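Here is the structure we will look at, set down as structure tokens.
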Amino acid sequence: MNAALTPERIETLAAAALVRHGASEAQARALAAGIAAAERDGLKSHGLMYLPTYCEHLTCGKVLGDAEPILDRPAPACLVVDARNGFAHAAIDLGLPALIDLAGAQGVASLAIRNSYNCGALGYHTERVARAGLVALGFTNAPASIAPWGGRKAALGTNPWSLAVPDGAGGARFVIDQSASVVAKSEVMKRARAGEPIPEGWAFDAAGRPTVDPAEALKGTMAPAGGYKGVSSALMVEVFAACLAGANPGVAASPFSGTAGGPPGTGQFFLAVAPEPSSGGGFADRLETVAAAFGDGARLPGSRRLAARARAEREGVAVEEAVLAQLEKLAGAAA
């Protein structure tokens, strides 16, 4: 059985749970909004599924719930936010308005986030920049779980990247959000919790053999998307989100699951570009020429997410009864 909740109710309950486990109001509100957006858009692996882990990491010290991120501008077009080992969402919330203003004024600007944590669905953040009329490119690194091509030991994280393109009307024409692995590691975690097998080609066990057992996959490595090309994609993200952001590389970061290790200290990196200065005008027309080629039933990236969003607005978000019970338990009397 499922219950139908509004995104606003999910956000309220998630924020209450986070505050109850040690997050400040600002930290909780930023993350809860991201959780609710993920549920609204059908991205269950980035929504309420992760809330128990977030609460656990607040209580064990992997995340500092009272952290206050600090914004700096070390160069004219370069912004940096030190998340101070708090949630990534609060640090990104601090930096994005300044990034949007700076890119609008200068044509292009960057935002680096360091001493951070899992930022959830990366497209959630880049879409906000696109809604301001800017082309947004985002990167986020993660604890190592992908082995180099020909190797067995994890060296890079699943390391998503995202591109969000404005539609000229206050929205995003499309949003790409993809990891360097065949699927996000959270999808394997979701199958493991449900006791379900994973499809072939998603992961390898600790000996480097393909596996359909999610428990064995979590002991091994994730399969890179497109073979060696996926490894290259993960390496590109590592350069931006770790090296350029001044954050921990994946091999030095503690896991996003479990209580081992201290704060992971990973990072994010965003580029925002005003479309008209570099294009010489006519950006929107050229974009529509590209988008029009996706005809005959083909879909632009992110269209399933938008369909889920529209359905949630009509019908509410379907939440399993067991997930709702856990959510209410975590939120306690504060809900």
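The values are calculated or read from the model by the stated rules, or taken from the named source; none is laboratory data. None of these values were measured; they are calculated from a predicted model. Reconstructed Cβ throughout: ideal geometry from the backbone, glycine too, with neighbour counts over all protein chains shown.
Please determine whether any residue of region 205-216 is of a type outside the set (K, R) and assigned to a strand (DSSP E or B). So far as region 205-216 goes, yes, one or more of its residues are of a type outside the set (K, R) and assigned to a strand (DSSP E or B). With respect to the conditions (1) at pLDDT below 95; (2) among the polar types (S, T, N, Q); (3) under 25 Å from A14 (Cα atoms), N85 lacks only one, and its number is (1).
Report yes if A130 is of a type in the set (A, V, I, L, M) and within 19 Å of H57 (Cα to Cα), otherwise no.
So A130 fails the test.
Of all the residues that make up region 255-283, how many are at positive phi and crowded, with 17+ Cβ neighbours inside 10 Å? Going through region 255-283 one residue at a time, the tally reaches 1. Within region 179-198, the set of residues being in contact (Cβ under 8 Å) with a residue 40 or more places away in the chain and either under 16 Å from G258 (Cβ atoms) or in contact with a helix residue (DSSP H, G or I) (Cβ under 7 Å, 6 or more places away or on another chain) (or both) comprises A180, S181, A184, K185, S186, E187, M189, K190, R193. Residues considered: R304, R314, R286. Of these, the only one that is assigned by TED's automatic domain parsing to the domain that holds A105 and either on the phi < 0 side of the Ramachandran plot or surrounded by 15 or more Cβ atoms within 10 Å (Cβ to Cβ) (or both) is R286.
Criterion first (among the hydrophobic types (A, V, I, L, M, F, W, C) and free of Cβ contacts under 8 Å to residues at least 12 places away in the same chain) does A144 satisfy it?
no
You will find that of A147, A172, the residue that is surrounded by fewer than 24 Cβ atoms within 10 Å (Cβ to Cβ) and farther than 24 Å from A32 by Cβ is A147 and no other.
Looking across region 130-188 at every residue that is under 17 Å from the mean Cα position of the chain (by Cα) and among the charged types (D, E, K, R), the one that is farthest from P210 (Cα to Cα) is identified as D177. Here A252 meets each of (1) crowded, with 23+ Cβ neighbours inside 10 Å; (2) closer than 30 Å to G65 by Cβ; (3) small (G, A, S) with one exception, condition (1). The C-beta contact set for region 63-78 (first residue under 26 Å from S257 (Cβ atoms), second residue in a strand (DSSP E or B), distance under 6 angstrom, 6+ apart or interchain) comprises P69/V81.
In this structure, S233 does satisfy being of a type in the set (G, A, S), out of contact with any Pro (no Cβ under 6 Å at 6 or more places or on another chain), within 24 Å of T266 (Cα to Cα) and touching a residue at least 60 places away in the same chain (Cβ under 8 Å).
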